[in-house]
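Written below as C-alpha cells is the structure these notes are about.
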Amino acid sequence: MTKKRGVSRVIGDPNYNYNNSFSCTTFNILAPIYKRLIHEDHACRESEIRAYWLNRNQGILDLLLRERSSIICLQEFWVGNEELVNMYDTRLGDAGYLNFKLARTNNRGDGLLTAVHKDYFRVIDHREFLFNDFGDRVALLLHVQLLIGGQQVLIVNTHLLFPHDSSMCLERLRQVYKILQSVEAYQKENNLSPLPIILCGDWNGSKRGHVYKFLRSQGFVSSYDTAHHYTDADAHKWVSHRNHRGNICGVDFIWLLNPNKCRKVLKTSWSDAVFGLFKYHVRRASLTEEDAFALLKANSDGDGITYSGFCEALCQLNFIGHPNGLSDDEIKDLWVQADIDGNGVIDYKEFQQQIWNPPTRCEQTVTEEDLIGYRVKNAVLYPSEAEKGMWPDDYSLSDHARLTVVFSPAVRMRVP
C-alpha cells in the first residue's frame, strides 16, 4: 500500500486509509530577535549572528519538510529578515506549499506564517485580523477546501500575549474573543454554512487557564488531549514549552470545533469568562461567595448592587482604570447579562446565577440536519520527551515543541 506522504509519519499505521485525512502542524519557532545567547563571553541575540540563526532555521525546515504536514502554522516567524523569509518561501514553495504571512503591528519584527499544501487544499480566501492592542498581536485566517471530498475548513493561526502578570489575563481573553468574533463575522458576511474550525498556535496558557475554559465553552476541543484521551485533570502529562523563566508547560494547542457542536452565544461566553476571572481574583483573596457579593454592593445603596457600585468594585479589582481594562461597552454588556430582570439592581439571586455560578447552557445551534465534521486520529509532540511532561536539554530547534495532529472526516453528523 502507498502511504499518503506526511500523514503516515504521524499515524504510523499502514492499514489506515489516508485518502480523506490531512495533518496540521503548529510550531512556535522562536524568532532570532528574541533568542538570547552567550557568545564570546557577552550576551546577545541570535539575530546578531547569521550562522547561528541560519543553521537553526535550516534545521526547522528540514524537520517540517520530512513530515510534510498538509497545513503548517508557524509563530514567531522572523518576517523582518528578507533572507530568512526567502529561505522559507523557496523551500516550502518548492515542496508544494502556498505560503501566507502576517507581521505583528508596529513593526515588532516577527509574525505568523501559514502554509498549506497544494496536494490537499484549494485556498478559497484568507483574512488578516489585527488586534491593535498593546501586545501588537494578530491572527491569520485561511478558508480552504479539501481537494478530496470537497469539504471546506477554516484554519486560524495566532500567538497570544504572554501572561507576565495577572493583569494580562483579561487582555488574553479579549484576544480570543476578537478572534472568535472575526471568524463569526467572516462566516456571516460570506453566508457560509457552519464549517469545521481549526485554531492553531501558541496560546501562552495551559489547560488550567481562563483562555482554555473560554474556548471549551464555545465547543472547541484540544486535539492533543482528545487523541490521548486526557481529561482536564491530566494537564501535567504533557508540555510544549520551556519559557524564559525556565518553567515547562503545555501552551501549544490545535483546537477543533465541529459544526454540529451546540454552544453558548459568543457574547455570553465572553461575559461568563470575565465573571470567571472575577471569581478567581476573589478566591485568591480568600473571599467567599457572600464576601464577593458584599464587595460588589459595598458602594451601592440598598440591598442589591447598583451599576455605580458594580463599576467601583471592578475598579478595585483592577478590571478597569488602565489601558487594557474593560471598556465602557464591555462593562455595560456584563451588567445587562447579570441584571436579568433589567430593574437596575443585581440582587443576591442574580449574583449567584449570573456572576458566581453561571449556567452551563446551550444557546446556539445550527439548523442543518447533517454536517461534515472531523475526528482526531492522532497527535504527536516533538521532541517525544514533551509527551511525558519532560524537556530534553539537548533540544535546540526552539523553546517550543512541534505539535502535529491528523484529522479524518467523520460520517455526516446529526445536529443534536
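The values are calculated or read from the model by the stated rules, or taken from the named source; none is laboratory data. Keep in mind that what you see is a predicted model, and the values were worked out from it rather than measured. Virtual Cβ from ideal backbone geometry, glycine too; neighbours counted across all protein chains shown.
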Hits in region 244-261 (condition: surrounded by fewer than 20 Cβ atoms within 10 Å (Cβ to Cβ) and either outside any loop (DSSP other than H, G, I, E, B) or not assigned by TED's automatic domain parsing to the domain that holds residue 185 (or both)): 248
Filter region 37-73 for residues that are of a type outside the set (A, V, I, L, M, F, W, C) and farther than 21 Å from residue 402 by Cβ; which is surrounded by the fewest Cβ atoms within 10 Å (Cβ to Cβ)? 41
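Provide a single number: the residues in region 41-92 that are of a type in the set (Phe, Trp, Tyr) and either part of a helix (DSSP H, G or I) or not assigned by TED's automatic domain parsing to the domain that holds residue 146 (or both).
Keep residues of region 41-92 that are of a type in the set (Phe, Trp, Tyr), which gives 52-53, 77-78, 88.
Those still in the list that are either part of a helix (DSSP H, G or I) or not assigned by TED's automatic domain parsing to the domain that holds residue 146 (or both) too: 52-53, 88.
Residues flagged as of a type in the set (Phe, Trp, Tyr) and either part of a helix (DSSP H, G or I) or not assigned by TED's automatic domain parsing to the domain that holds residue 146 (or both) within region 41-92 amount to 3.
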Taking only region 73-98 into account, find how many residues are in contact with a Leu (Cβ under 6 Å, 6 or more places away or on another chain) and of a type in the set (A, V, I, L, M). 2
Test residue 274 against the criterion of being touching a residue at least 24 places away in the same chain (Cβ under 8 Å), outside the structural domain of residue 400 (by TED's automatic domain parsing) and under 18 Å from the mean Cα position of the chain (by Cα), and give yes or no. yes
Sort out which residues of region 283-323 are assigned to a helix (DSSP H, G or I) and among the small types (Gly, Ala, Ser), and write them in order of number. 292, 294, 308, 309, 313
Restricting region 213-243 to residues that are free of Cβ contacts under 8 Å to residues at least 40 places away in the same chain and hydroxyl-bearing (Ser, Thr, Tyr), which is surrounded by the most Cβ atoms within 10 Å (Cβ to Cβ)? 222
Looking for whichever is part of a strand (DSSP E or B) and surrounded by 23 or more Cβ atoms within 10 Å (Cβ to Cβ) here; the options are 102, 112. Which one fits? 112
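Only one residue in 333, 291, 329 is closer than 19 Å to residue 356 by Cβ and either loosely packed, with under 14 Cβ neighbours inside 10 Å or touching a Pro at 6+ places or on another chain (Cβ under 9 Å) (or both), so which one is that?
On the way: 333 fails: either loosely packed, with under 14 Cβ neighbours inside 10 Å or touching a Pro at 6+ places or on another chain (Cβ under 9 Å) (or both); 329 fails: closer than 19 Å to residue 356 by Cβ.
Only one candidate qualifies: 291.
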Here is a check on your reading of the model: is residue 135 modelled with pLDDT under 95, in a loop (DSSP other than H, G, I, E, B), surrounded by fewer than 17 Cβ atoms within 10 Å (Cβ to Cβ) and over 13 Å from the mean Cα position of the chain (by Cα)? no
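Taking the condition within 27 Å of residue 197 (Cβ to Cβ) and either touching a strand residue (DSSP E or B) at 6+ places or on another chain (Cβ under 7 Å) or not small (Gly, Ala, Ser) (or both), does residue 54 pass?
Working: within 27 Å of residue 197 (Cβ to Cβ): no; either touching a strand residue (DSSP E or B) at 6+ places or on another chain (Cβ under 7 Å) or not small (Gly, Ala, Ser) (or both): yes.
Considered against the rule, which asks whether it is within 27 Å of residue 197 (Cβ to Cβ) and either touching a strand residue (DSSP E or B) at 6+ places or on another chain (Cβ under 7 Å) or not small (Gly, Ala, Ser) (or both), residue 54 comes out as no.
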May I ask you to say which residue of 120, 97, 186 is surrounded by fewer than 19 Cβ atoms within 10 Å (Cβ to Cβ) and aromatic (Phe, Trp, Tyr)? 186
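Run down 193, 223, 206 and say which single residue is more than 10 Å from the chain's Cα centre (by Cα), farther than 30 Å from residue 118 by Cβ and in the same structural domain as residue 105 (by TED's automatic domain parsing). Please lay out each step first, then the result.
On the way: 193 fails: farther than 30 Å from residue 118 by Cβ; 223 fails: farther than 30 Å from residue 118 by Cβ.
Selected residue: 206, the only one of 193, 223, 206 that is more than 10 Å from the chain's Cα centre (by Cα), farther than 30 Å from residue 118 by Cβ and in the same structural domain as residue 105 (by TED's automatic domain parsing).
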